[in-house]
Amino acid sequence: MTRTFPVQAGQAYPLGATFDGDGVNFAVFSEHATRVTLCLFDEAGRETQMVTMPERDGHIWHGYIPGMRAGQQYGYRMHGPYRPAEGHRFNHNKLLIDPYAKRLTGHPKWHDALFGYQADHPDADLSFDPRDSAPYMPRSVVVDPSFTWGRKPAPNLGLQDTIIYEAHVKGMTAGRKDIENPGTYLAMASDPMLDHLNKLGVTAVELMPVQAFLDDKFLVDRGLTNYWGYMTYGFFAPEPRYMQTGEIAEFQQMVARFHSAGIEVILDVVYNHSAEGSELGPTLAFRGLDNASYYRLADDPRYYANDAGCGNTLNLDNPFALRLVMDSLRYWVEVMHVDGFRFDLCSTLGRTKGGFDRDAPFFRAIRQDPVLNRCKLIAEPWDIGPGGYQLGACPAPFAEWNDKYRDDTRRFWRGDAGLAAGMAARLSGSAQFFDHDGRAATSSVNFVTAHDGFTLSDTVSYAQKHNAANGEDNRDGHSANFSDNFGVEGATDDAEIVAARTRRRRNMIATLLLSQGTPMLLAGDEIGNGQEGNNNAYCQDSPLGWINWAARDDAFFGFCQQAIAFRKAHPILRQRRFLHSRSRLVDGETDLFWRREDGHAMSQSDWDDPARKVLVAELRMASGTPEYVEREGALLVVLNTGDAVDVAVSDTPAGMAWVRGFDTAQDGMPRELGNWTIADNSVVVFVLAAFASN
């Protein structure tokens with residue numbers, strides 16, 4: 001027999017469904033609705049009771065149901081005007097998820113009833129659809145979020161000591177046969193995965209979207225899925241497809257295991273748009289709850305601003321839309337214990353009616369929040385809207401993805417002309433973008449590969465993208481990849497080409513880990529993973545998109561281990577202060593000195609020389625570095641994209657000598673003295689070290 005629950009007034013705070021041990025308080029925002037109906041469901045998905053929310057405080061509708069327990073399934077139906085031309089799209093026939101739902105039963109099943117309008121009607125989205133969408137919608141679930149966390153605290157590393165590893169929960173483990181429940185949160189933090197990451201030496205995993213997301217209809221029609229997950233519609237709920245039992249404790253257990261292994265967890269979050277798309281998209285949550293409040297509408301309010309390129313843009317000028325984002329972020333920190341966030345298309349979050357504003361409500365809210373301003377905050381500083389490219393413009397404490405680093409590093413090692421000055425700027429922290437307003441040199445998140453684009457192996461194996469499997473006639477994905485195939489497109493057995501490709505991969509990884517800033521590696525690059533030239537595998541939930549552990553390149557993994565260990569061993573590579581070629585009070589030495597191969601200082605004509613193939617940088621601790629910071633003497637970094645060359649080095653103090661500490665042309669870590677010959681196409685680092693003569 002189905003139980004019928006009574007309803008009481010409840011409270012307007014907190015938003016969402018809150019279980020207090022005796023019952024559940026429900027609170028939902030809508031400024032323009034005229035009535036709100038809470039719909040209750042049994043475990044079979046049958047609608048068992050409809051409760052009119054009894055109270056309204058301002059724009060918060062609320063009620064309390066005594067006796068209700070965690071596990072109760074529910075949704076909302078909103079009553080109000082359906083006038084798309086005025087920006088309102090209420091349709092009480094559409095079941096909506098709670099935007100604050102902590103758990104969802106699954107995903108929408110594509111059916112015309114999901115749309116608020118009749119798709120075959122001549123008036124399109126101006127028409128009204130009377131069909132009930134409940135049979136095709138997931139339900140929200142009341143949860144008890146309590147979890148027993150271990151006593152070991154999160155690592156809490158500064159960015160100067162952070163090495164980020166961007167990974168996909170399913171892609172990391174779906175191809176493993178030695179892990180239980182591959183493709184899940186529990187598998188992601190299994191012993192084999194933790195062992196791999198600890199051996200590699202990374203300190204933080206940056207997980208691609210794990211908030212509940214949608215498989216786009218056009219992909220489902222092609223037999224594909226939204227593998228990457230950048231179509232979020234549940235900002236509090238962990239993505240159900242990565243769960244084994246459906247309980248959010250699985251996500252919490254994953255985080256706890258990462259922390260126990262000394263690894264932080266950063267989430268890639270998508271708050272710039274939702275999965276509801278344009279005016280022709282489905283009605284799943286925000287559109288039906290209060291379209292005119294949650295979304296930034298165009299001058300004609302029938303349509304949406306589309307700065308994210310996904311059909312709509314969330315309106316963070318609205319205090320309740322902004323509150324949703326802030327509450328979501330705090331939930332993931334305080335309840336799920338994550339350590340930071342990477343904000344997809346963060347320029348969109350900083351937009352107001354006047355365009356991008358680095359002092360926009362979103363940035364202000366983050367900076368004053370006592371929970372969030374202590375987290376790692378990383379911006380993707382661009383979107384497709386007017387003035388959307390904002391590299392370096394996000395305020396502290398944000399760090400930013402630096403695509404200039406990716407492009408200049410790839411072009412430099414490909415041998416493109418005129419890249420010496422650009423590569424020097426990237427190696428020294430891209431100060432022209434980030435050295436302002438007290439920002440640290442760690443503000444530049446450096447990468448040569450990310451989920452979006454070629455893998456490292458494909459960057460040296462393909463001159464063109466090969467995205468036919470995506471079903472878009474190879475039109476999707478970047479065309480400017482700055483890649484190189486060494487004369488053969490794709491895989492080859494030619495030993496010379498294989499060796500050249502391996503050296504190029506070594507050089508780019510070495511450059512990344514020798515650069516000022518915060519390094520980020522793409523999962524799988526360390527073992528030579530490729531995607532057959534597909535540089536936009538967003539819909540490839542298949543071996544093409546998963547890491548191929550069976551083809552693991554153990555030798556390259558060993559090299560990456562050594563490169564990461566070298567960075568960790570040398571404070572000069574992990575500085576918060578920028579290097580500006582300034583003299584140091586402690587010894588009068590310059591903190592950054594650029595040399596030609598013959599030892600003389602670089603002149604402007606040297607920097608302007610398009611044929612320059614060699615960069616020689618002598619690095620020390622930055623001028624002004626306080627005494628309490630860990631110190632060391634000096635490093636001499638040589639990047640050579642040309643033929644073998646001899647370099648001249650500076651004189652050393654008595655009892656000191658330059659020791660070759662790192663060389664991409666050699667296996668292992670060489671330690672011989674002298675030998676100033678730099679192999680062709682290689683990276684060499686000399687360490688100023690104490691030397692006792694015989």
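Figures for the structure shown
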| read-out | value |
| --- | --- |
| Count - residues of the range 102-118 that are open to solvent by less than 60 Å² (accessible area, probe 1.4 Å) and among the basic types (Lys, Arg) | 2 |
| Condition check for Tyr82: open to solvent by 10 Å² or more (accessible area, probe 1.4 Å) and more than 21 Å from Tyr331 (Cα to Cα) | yes |
| Qualifying positions in the range 355-386 - polar (S, T, N, Q) and touching a residue at least 12 places away in the same chain (Cβ under 8 Å) | Asn373 |
| Gly453 being touching a residue at least 24 places away in the same chain (Cβ under 8 Å), open to solvent by 20 Å² or more (accessible area, probe 1.4 Å) and on the phi > 0 side of the Ramachandran plot | no |
| Candidate set: the range 145-157, residues that are surrounded by 15 or more Cβ atoms within 10 Å (Cβ to Cβ) and not hydrophobic (A, V, I, L, M, F, W, C); chosen: the one modelled with the highest pLDDT | Pro155 |
| Members of the range 18-66 found to be open to solvent by 40 Å² or more (accessible area, probe 1.4 Å) and of a type in the set (S, T, N, Q), listed by number | Thr18, Thr34, Thr48, Thr52 |
| Residue in the range 193-213 that is in a loop (DSSP other than H, G, I, E, B), within 30 Å of Glu43 (Cα to Cα) and open to solvent by 20 Å² or more (accessible area, probe 1.4 Å) present | no |
| Considering residues of the range 317-370 that are open to solvent by less than 40 Å² (accessible area, probe 1.4 Å) and assigned to a strand (DSSP E or B) only, the residue farthest from Ala393 (Cα to Cα) | Gly340 |
| The range 488-528 - residue that is among the acidic types (Asp, Glu) and assigned to a helix (DSSP H, G or I) and, of those, nearest to the chain's Cα centre (by Cα) | Asp525 |
| Whichever residue in the range 294-339 is under 25 Å from Gly388 (Cα atoms) and of a type in the set (Phe, Trp, Tyr) and, among such residues, is farthest from the chain's Cα centre (by Cα) | Tyr303 |
| Hits in the range 392-410 - residues which are in contact (Cβ under 8 Å) with a residue 40 or more places away in the chain, in contact with a helix residue (DSSP H, G or I) (Cβ under 7 Å, 6 or more places away or on another chain) and surrounded by fewer than 23 Cβ atoms within 10 Å (Cβ to Cβ) | Gly392, Pro395 |
| Candidates Val265, Val255 - the one that is in a strand (DSSP E or B) and either touching a residue at least 24 places away in the same chain (Cβ under 8 Å) or over 23 Å from Arg131 (Cβ atoms) (or both) | Val265 |
| Inter-residue pairs, beta-carbon under 6 Å, first closer than 19 Å to Pro543 by Cα and in the range 466-477, second charged (D, E, K, R) and surrounded by fewer than 15 Cβ atoms within 10 Å (Cβ to Cβ), 6+ apart | Gly471/Arg222 |
| Counted residues, the range 648-673 - those being modelled with pLDDT under 90, in contact with a strand residue (DSSP E or B) (Cβ under 8 Å, 6 or more places away or on another chain) and part of a loop (DSSP other than H, G, I, E, B) | 8 |
| Count of the range 214-224 residues which are farther than 11 Å from Trp110 by Cα and either open to solvent by 40 Å² or more (accessible area, probe 1.4 Å) or aromatic (Phe, Trp, Tyr) (or both) | 2 |
| Test set (1) surrounded by fewer than 24 Cβ atoms within 10 Å (Cβ to Cβ); (2) touching a Lys or Arg at 6+ places or on another chain (Cβ under 7 Å); (3) of a type in the set (Asp, Glu) - Asp300 fails condition number | (2) |
| Candidates Arg612, Arg631, Arg620, filtered to the one that is basic (Lys, Arg) and open to solvent by 50 Å² or more (accessible area, probe 1.4 Å) | Arg631 |
| Pick from the range 634-668, criterion without any contact (Cβ under 8 Å) to a residue 60 or more places away in the chain, within 30 Å of Asp484 (Cβ to Cβ) and of a type in the set (Val, Ile, Thr), ranking: surrounded by the most Cβ atoms within 10 Å (Cβ to Cβ) | Val638 |
| Condition met for Gly642 (at pLDDT 90 or above, farther than 20 Å from Glu589 by Cα and over 32 Å from the mean Cα position of the chain (by Cα)) | yes |
| Residue match in the range 580-590 (condition: under 30 Å from Gly558 (Cα atoms), among the small types (Gly, Ala, Ser), over 33 Å from the mean Cα position of the chain (by Cα) and modelled with pLDDT of 85 or more) | no |
| Flag for Thr203 being touching a strand residue (DSSP E or B) at 6+ places or on another chain (Cβ under 8 Å) and farther than 23 Å from Arg103 by Cα | yes |
| Enumeration of residues in the range 163-175 that are within 17 Å of Tyr227 (Cβ to Cβ) and part of a loop (DSSP other than H, G, I, E, B) | His168, Ala174, Gly175 |
| Criterion (under 30 Å from Pro571 (Cα atoms) and aromatic (Phe, Trp, Tyr)) met by exactly one of Tyr230, Tyr165 | Tyr165 |
| Residue list for the range 119-131, restricted to those being touching a helix residue (DSSP H, G or I) at 6+ places or on another chain (Cβ under 8 Å) and open to solvent by less than 70 Å² (accessible area, probe 1.4 Å) | Ala119, Asp125, Asp129 |
| Answer from Phe218, Phe128, Phe147 - the residue that is assigned to a helix (DSSP H, G or I) and more than 24 Å from the chain's Cα centre (by Cα) | Phe218 |
| Candidate set from the range 531-575 (those that are under 30 Å from Gly223 (Cα atoms) and of a type in the set (A, V, I, L, M)); member that is most open to solvent (accessible area, probe 1.4 Å) | Ala550 |
| Lone unmet requirement of (1) farther than 29 Å from Leu194 by Cβ; (2) open to solvent by less than 10 Å² (accessible area, probe 1.4 Å); (3) in contact with a helix residue (DSSP H, G or I) (Cβ under 6 Å, 6 or more places away or on another chain) for Phe578 | (2) |
| Residue selected from the range 456-469 under the condition over 18 Å from Thr409 (Cβ atoms) and in contact with a Gly (Cβ under 8 Å, 6 or more places away or on another chain), by the criterion least open to solvent (accessible area, probe 1.4 Å) | Asn467 |
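Listed here are the residues, each with its yes/no results for (1) in contact with an Asp or Glu (Cβ under 9 Å, 6 or more places away or on another chain); (2) under 24 Å from Arg3 (Cβ atoms).
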{"residue": "Thr48", "(1), (2)": "yes, yes"}
{"residue": "Arg77", "(1), (2)": "no, yes"}
{"residue": "His111", "(1), (2)": "no, no"}
{"residue": "Asp123", "(1), (2)": "no, no"}
{"residue": "Val141", "(1), (2)": "no, yes"}
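The values are calculated or read from the model by the stated rules, or taken from the named source; none is laboratory data. Owing to the predicted nature of the structure, the values given are computational and were not obtained by experimental measurement. Note that we place each Cβ from the backbone using ideal geometry, even for glycine, and neighbour counts take in every protein chain shown. Each accessible area value is taken on the protein alone, full model and side chains, heavy atoms only, with ligands, DNA and RNA left out. Shrake-Rupley method; radii C 1.70, N 1.55, O 1.52, S 1.80 Å.
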